[in-house]
Amino acid sequence: MEDKVKNAVEIYNDGYNCAQSVLSVFAPKLGMDRETAMKVSCGLGAGIGRSGNLCGAVTGGMLVLGLKFGMVDSASQEDKEKTYNEVVGLLDRIKAMHGTANCNELLGVDIGTPEGFQKVQDQEDSEKVCSQIVGDVVRILEELL
C-alpha cells in the first residue's frame, strides 16, 4: 500500500495534478494505460479545472472506483449501485478525515482567482495539504479494492 502512496505523491510532486496522481497509480491494473489515465483526469485537478470545487484527488479516486466497479451493461444495475455506494464511501471518509472534500476549503483560499492560485503556488503548506490528501485517497482505495 505505501508504495502506491509514495508513487502517487511523487507523481503529484513532479507537477501532475492530484486527480492524475491518484488515477495513474491504479489505472494500469484496472485496464487503462497510464497515458489515457493522465489525459482523462487532467481537467479534474484543483477542484475540477481549478474551480476549487470537489478535490481532484477525490475525483481521481472516483474514476478508480468506476474502473473497478462501474456498470458497462444497462441490465447490470447492481454494478451502478455498487459504484455509487463506493464513491459515497470514499467521499464520506475524506470528509470525516479533513472536514470537507472541497478544494478551496481544504486549501483555505479561492484557488480559482489569480491571487488565490498564486498563494497556493507560493505556500509549501498547500503542497503538504494536497500530498496528504492524495496519500489518504490512495490508502482508502487500497482498502476498498
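A few notes on this one:
- Residue 81 modelled with pLDDT of 95 or more and not aliphatic (A, V, I, L, M): yes
- Failed item, numbered, when residue 27 is tested on (1) buried (at least 16 other Cβ atoms within 10 Å of the Cβ); (2) under 12 Å from the mean Cα position of the chain (by Cα): (2)
- Restricting attention to the stretch 12-24, the residues that are touching a residue at least 40 places away in the same chain (Cβ under 8 Å), surrounded by 14 or more Cβ atoms within 10 Å (Cβ to Cβ) and of a type in the set (S, T, N, Q) add up to 2.
Residues checked against (1) within 15 Å of residue 12 (Cβ to Cβ); (2) surrounded by 15 or more Cβ atoms within 10 Å (Cβ to Cβ):
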{"position": "40", "(1), (2)": "no, yes"}
{"position": "60", "(1), (2)": "yes, yes"}
{"position": "81", "(1), (2)": "no, no"}
{"position": "99", "(1), (2)": "no, no"}
{"position": "107", "(1), (2)": "yes, yes"}
{"position": "133", "(1), (2)": "yes, yes"}
{"position": "137", "(1), (2)": "yes, yes"}
{"position": "143", "(1), (2)": "no, no"}
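- Qualifying residue in the stretch 109-117 (condition: under 16 Å from the mean Cα position of the chain (by Cα) and on the phi < 0 side of the Ramachandran plot): no
- Conditions (1) under 20 Å from residue 12 (Cα atoms); (2) exposed (fewer than 15 other Cβ atoms within 10 Å of the Cβ); (3) under 15 Å from the mean Cα position of the chain (by Cα); number of the one not met by residue 123: (3)
Listed here are the residues, each with its yes/no results for (1) under 30 Å from residue 115 (Cα atoms); (2) among the hydroxyl-bearing types (Ser, Thr, Tyr).
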| position | (1), (2) |
| --- | --- |
| 13 | yes, no |
| 21 | yes, yes |
| 26 | no, no |
| 41 | yes, yes |
| 46 | yes, no |
| 67 | no, no |
| 76 | no, yes |
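- In the stretch 102-127, residue farthest from residue 44 (Cα to Cα) [restricted to those that are touching a residue at least 40 places away in the same chain (Cβ under 8 Å) and among the small types (Gly, Ala, Ser)]: 116
- Among the conditions (1) outside any helix (DSSP H, G or I); (2) of a type outside the set (A, V, I, L, M); (3) at pLDDT below 95, residue 100 misses just one, which is (3).
- Residues of the stretch 126-137 satisfying the condition of being out of contact with any Gly (no Cβ under 8 Å at 6 or more places or on another chain) and under 17 Å from residue 59 (Cβ atoms): 129, 130, 131, 132, 133, 134, 135, 136
- Listed by position, the helices (runs of 4 or more DSSP H) contained in the stretch 1-94 that have at least 2 residues being among the β-branched types (Val, Ile, Thr) and over 15 Å from residue 135 (Cα atoms) are 34-41.
- Out of 88, 72, 5, 9, sole residue that is β-branched (Val, Ile, Thr), surrounded by fewer than 22 Cβ atoms within 10 Å (Cβ to Cβ), within 19 Å of residue 142 (Cβ to Cβ) and free of Cβ contacts under 8 Å to residues at least 12 places away in the same chain: 88
- Verdict on residue 128 being surrounded by 13 or more Cβ atoms within 10 Å (Cβ to Cβ), in a helix (DSSP H, G or I) and of a type in the set (D, E, K, R): no
The values are calculated or read from the model by the stated rules, or taken from the named source; none is laboratory data. Note that the structure is predicted; figures quoted are calculated from it, not measured. Note that we place each Cβ from the backbone using ideal geometry, even for glycine, and neighbour counts take in every protein chain shown.
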